[in-house]
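What follows is a set of notes on a single structure, which appears directly below.
The values are calculated or read from the model by the stated rules, or taken from the named source; none is laboratory data. These figures come from a predicted structure and were not determined experimentally. All Cβ positions, even for glycine, are placed from backbone atoms using ideal geometry, and neighbour counts span all protein chains on display. Note: accessible area is taken over every heavy atom of the protein model, side chains too, but ligands, DNA and RNA are not part of it. Shrake-Rupley method; radii C 1.70, N 1.55, O 1.52, S 1.80 Å.
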Amino acid sequence: MRNNYIILFFLLSTLILFHQNIQAQKIGVVLSGGGAGGACHVGVLKALEENNIPIDYITGTSIGALIGGYYAAGYSVEEIEKMVTSEKFIELTKGYLEKKYQYYFFRKDDDASWITLKVSFDSSLVTNIPTNVINSVPIDFEMVSNFSNAAAAATYNFDSLFIPFRCVASDIENKKSIVFKEGKLNQAIRASMTYPLYLKPINVNGKILFDGGLYNNFPADVMNKDFNPDYIIGSVVTSANPKVDEENLYAQLRSMLINNPDFSLQNKTGIIIKSWSDVGTFNFSACKKLVDSGYVATVRQIDSIRKNISVSVTKEQVNEKRKKFKRKFSEETVIEEIEIEGLNKKQQFYVKHVIQNNPKKQYTIESIKKTYFRLAEDPKIQSIFPTLVLNPQTGKYKLNLKIKRQKDLFIQFGGNISTRPISTGFVSAQYNYFSKFAMSVYANGYFGRLNTSGLGKIRFDFPSKLPIYIEPLVCFSRWDYYRSSTLFYNFQQPAYLTQNDKYGELNIGVPIGNRSKAVISGGVAELNNIYYQTSSFGTKDTADQTRFQFMYGNLEYEYNTLNRKLYASEGGYFSFKTRYVNGLESLIPGTTDNQTKQIKQLDVPHEWVVVKMKFDGYLKPFKFFKIGILGEGVYSTQNLFLNYTSSVLSAPAFMPTPESRTLFLPNFRAYQYVAGGGKMIFNPIPKLDIRFEAYIFQPYQAINNNPTYTATLGKAFADRYYVGMAALVYHTALGPLSLSVNYYHGEVQPFTFLVHFGYTLFNRKSIE
């Protein structure tokens, strides 16, 4: 009997110890880096949860740190999957800001620039080279919004998150890997995923940190050292460095930057899941397919995993644990203080008045989002990195902004290269001053056969509840519509039609919401038209001249969400402009004016009011097909000038296509008109558009030319004209490359063929 008790006691002890070992079994999940392929990690986590595999610890690198960080912060797999497969996530990975937060008020006027160089006076040329391809501001704000509450609930100790978590970054100065186990979660994950030249690096505790994958792309060693689990499940979505050869620049750079990764489990029992992830590093549009790939690859390994794991946890138990963790923090993140680093006191004053319309008011992270992005789009700000720290006494947060001011000088180059004699070079420079107010000093120049012009302006920006800018400017330009013999102007050679235009103007602008602005302006101008009204002239003849000296006042409202400054295919544009003009016309006849025997006429008065509305909008009914609608209307009380040519040159013009901006088309000018049409845009591959555009121009009264070269107004609605364009447009990183056939109804040669690279954009004329 005694032996039976001993045996029973031994069996019970064994069962207890066995039960304790089962309960004590811990599972670690290691997520590799790998760019867009990291979406597979979501499928891996999804399959583990559905099959009741517990996840006790997570370590990750780069995209693995991001996915693992979301899970460790208490986000469900369903929430993470919805996030990474959303259009918003794709836009974030490209550095795009949501359209509703884009701030049109700071957008500079469209010009022909291709590239922008940003230079600081106190640094060398090498240090002025950009360190990032995409704008990191949208990503950084999204991460501080998503991770700050969880970090605070864990008292900034990553062991106390919903799932204990580690991520790694790379200290390239000391050539070593950095492990994050505490601190601001958004900062740690952002450092881990800072892929060189893709995202701007950040400074953490005085060290510039980059992507953890440079030195440790699969942190199984961190998992073992910090957590020592019983079993490791590794998800790998990348491979060893490609073989280096003399033709493969990417392989050369990768081998120089990245240590060959170690995908072993560091002598620990476990399994490595290799999902299909053969997409481009930054091809985040394939995330849905990648999530499914990770899920399928994991399901195939579930039986092998189950053989080594005796414990289970149901999805309901996981969700209950997640809810318990989330109850530690409020859904609303209230900000009681803003701290700014990297700027002097006067610059901090400017920043705080942009973000906080009322400094005494408390804000939530969501309510501050609009003004935060307004600040980020300010041309005086180069970068912002946000962190939030909880004040445990008040339960509210301090928002810390590490801000770097923009470079002192912007230099731009661009223009247009064309098969027609309209090629133009463009250069501009802008100096930025930043204090309690902001100032930009800007100048540009266009140089070509068609147009030579220069513009200079100074813009003063004042932060307030209603931001305002004041902008004085001067502009001069020369247009020569028929010169084609030389690259630059030969001022001695007579031209068929030239315009010399100069004006000074003062603009005062205020924003109307995020995507529109109102501008009131006034100025003085002189428009000097030099022309022959007959084609029979010699080198000894002199041209007719019309000089119009005037003053004007404008009131304009403009809304703009177009995706491109030329050949737009998304968004919308609307403008309403009213203008008052008062001036004096002078006519000096040339030697060819024998038929009319005109005499010099000086200081003929003109006064009128003009109202113009324009709409340009796009719809996307199908994935590869877009529809555009353009409408324009003008009403003017303007009267005729002293002859036909001067009357037409001073009239509003309808210029719906890029080439039409480079032509003098009398049939498409009138004092009152309505015009419009449609666009069909096919987008068979990214960046390639096939465009078909057709428009009708309906003047109320056409401006007609008499045999004596004087002008008369035609009968109401008696004339109408048509414009058409068929174009193949490829949008390069510098600008559009276009091949087009154009049609202009009523012209002697109605069809034109044009190939151009760049932008047919110019400084505005005084009469427009």
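Which one of these does residue 493 not meet: (1) closer than 30 Å to residue 644 by Cβ; (2) modelled with pLDDT of 90 or more; (3) surrounded by fewer than 20 Cβ atoms within 10 Å (Cβ to Cβ)?
(2) is the only condition that residue 493 fails.
From (1) part of a loop (DSSP other than H, G, I, E, B); (2) at pLDDT below 95; (3) among the hydrophobic types (A, V, I, L, M, F, W, C), pick out the condition that doesn't hold for residue 55.
Of everything listed in (1) part of a loop (DSSP other than H, G, I, E, B); (2) at pLDDT below 95; (3) among the hydrophobic types (A, V, I, L, M, F, W, C), residue 55 misses just condition (2).
Can you tell me which residue in the range 525-557 is farthest from the chain's Cα centre (by Cα), limited to those that are at pLDDT 85 or above and polar (S, T, N, Q)?
For the range 525-557, the residue satisfying everything is 545.
Find all pairs meeting these conditions: Cβ atoms under 8 angstrom apart; at least six residues apart or on different chains; first residue within the range 312-324 and more than 10 Å from residue 49 (Cβ to Cβ); second residue of a type in the set (A, V, I, L, M, F, W, C).
Partner pairs satisfying both residue conditions: 312/53; 321/162; 322/162.
I'm checking my understanding of the structure. Among residues of the range 496-515 that are within 30 Å of residue 590 (Cβ to Cβ) and in a strand (DSSP E or B), which one is most open to solvent (accessible area, probe 1.4 Å)?
By that ranking, first place goes to 502.
Go through the range 143-220 and tell me which strands (runs of 3 or more DSSP E), entirely inside it, have 2 or more residues that are within 29 Å of the chain's Cα centre (by Cα).
165-171, 202-204, 207-211
For the list (1) open to solvent by 10 Å² or more (accessible area, probe 1.4 Å); (2) within 30 Å of residue 660 (Cα to Cα); (3) not in a strand (DSSP E or B), I need the number of the one condition that residue 427 fails.
With (1) open to solvent by 10 Å² or more (accessible area, probe 1.4 Å); (2) within 30 Å of residue 660 (Cα to Cα); (3) not in a strand (DSSP E or B) applied to residue 427, the lone miss is (3).
For residue 511, state whether it is under 31 Å from the mean Cα position of the chain (by Cα), farther than 25 Å from residue 575 by Cβ, modelled with pLDDT of 85 or more and not β-branched (Val, Ile, Thr).
So residue 511 fails the test.
Are any residues in the range 384-432 of a type in the set (Gly, Ala, Ser) and either in contact with a Phe, Trp or Tyr (Cβ under 7 Å, 6 or more places away or on another chain) or more than 20 Å from residue 366 (Cα to Cα) (or both), and if so, which ones?
Within the range 384-432, 414, 415, 418, 423, 425, 428, 429 qualify.
Which condition does residue 268 not pass, out of (1) surrounded by 14 or more Cβ atoms within 10 Å (Cβ to Cβ); (2) within 39 Å of the chain's Cα centre (by Cα); (3) among the charged types (D, E, K, R), if it passes all the others?
It is condition (2) that residue 268 fails.
Can you work out which of the residues in the range 670-698 that are within 30 Å of residue 731 (Cα to Cα) and not in a strand (DSSP E or B) is least open to solvent (accessible area, probe 1.4 Å)?
If we take residues in the range 670-698 being within 30 Å of residue 731 (Cα to Cα) and not in a strand (DSSP E or B), then 683 is least open to solvent (accessible area, probe 1.4 Å).
Identify, please: which residue in the range 77-106 is among the basic types (Lys, Arg) and modelled with pLDDT under 85 and is, among those, least open to solvent (accessible area, probe 1.4 Å)?
99
In the set 459, 420, which member is charged (D, E, K, R), open to solvent by 20 Å² or more (accessible area, probe 1.4 Å) and not in a loop (DSSP other than H, G, I, E, B)?
The conditions single out 459.
What number of residues within the range 558-608 satisfy the criterion of being modelled with pLDDT of 95 or more, open to solvent by 60 Å² or more (accessible area, probe 1.4 Å) and aliphatic (A, V, I, L, M)?
Matching residues across the range 558-608 total 1.
Do you know which of the residues in the range 23-44 that are open to solvent by 10 Å² or more (accessible area, probe 1.4 Å) and either among the polar types (S, T, N, Q) or in a loop (DSSP other than H, G, I, E, B) (or both) is modelled with the highest pLDDT?
My answer is 26.
I'd like the residue in the range 535-554 that is loosely packed, with under 15 Cβ neighbours inside 10 Å and not polar (S, T, N, Q) and, out of all such residues, is farthest from residue 616 (Cα to Cα).
By that ranking, first place goes to 540.
Suppose we filter the range 615-669 for residues that are of a type in the set (Lys, Arg) and at pLDDT below 95; how many remain?
Here the count works out to 3.
Considering only residues that are of a type in the set (D, E, K, R) and modelled with pLDDT of 95 or more, look in the range 670-697 and name the one that is nearest to residue 736 (Cα to Cα).
The qualifying residue nearest to residue 736 (Cα to Cα) is 689.
Of all residues in the range 173-209, which are of a type in the set (Lys, Arg), open to solvent by 10 Å² or more (accessible area, probe 1.4 Å) and out of contact with any Lys or Arg (no Cβ under 8 Å at 6 or more places or on another chain)?
Residues satisfying the conditions are 175, 176, 184, 200, 207.
Just give me the residues in the range 283-329 being in contact with a Phe, Trp or Tyr (Cβ under 7 Å, 6 or more places away or on another chain) and β-branched (Val, Ile, Thr), in sequence order.
309
Mind checking which pairs have a first residue in the range 116-143 that is modelled with pLDDT under 55 and a second that is part of a loop (DSSP other than H, G, I, E, B) and not basic (Lys, Arg), Cβ under 8 Å, 6 or more apart or different chains?
From the range 116-143, the pairs are 127/120; 128/120.
When you go through 749, 701 one by one, which is the residue that is among the polar types (S, T, N, Q), more than 37 Å from the chain's Cα centre (by Cα) and surrounded by 16 or more Cβ atoms within 10 Å (Cβ to Cβ)?
The match here is 701.
Results for (1) small (Gly, Ala, Ser); (2) open to solvent by 60 Å² or more (accessible area, probe 1.4 Å); (3) farther than 20 Å from residue 186 by Cα; (4) out of contact with any Pro (no Cβ under 6 Å at 6 or more places or on another chain), shown as yes or no for each residue.
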position	(1), (2), (3), (4)
300	no, yes, yes, yes
309	no, no, yes, yes
350	no, no, yes, no
375	no, no, yes, yes
378	no, no, yes, yes
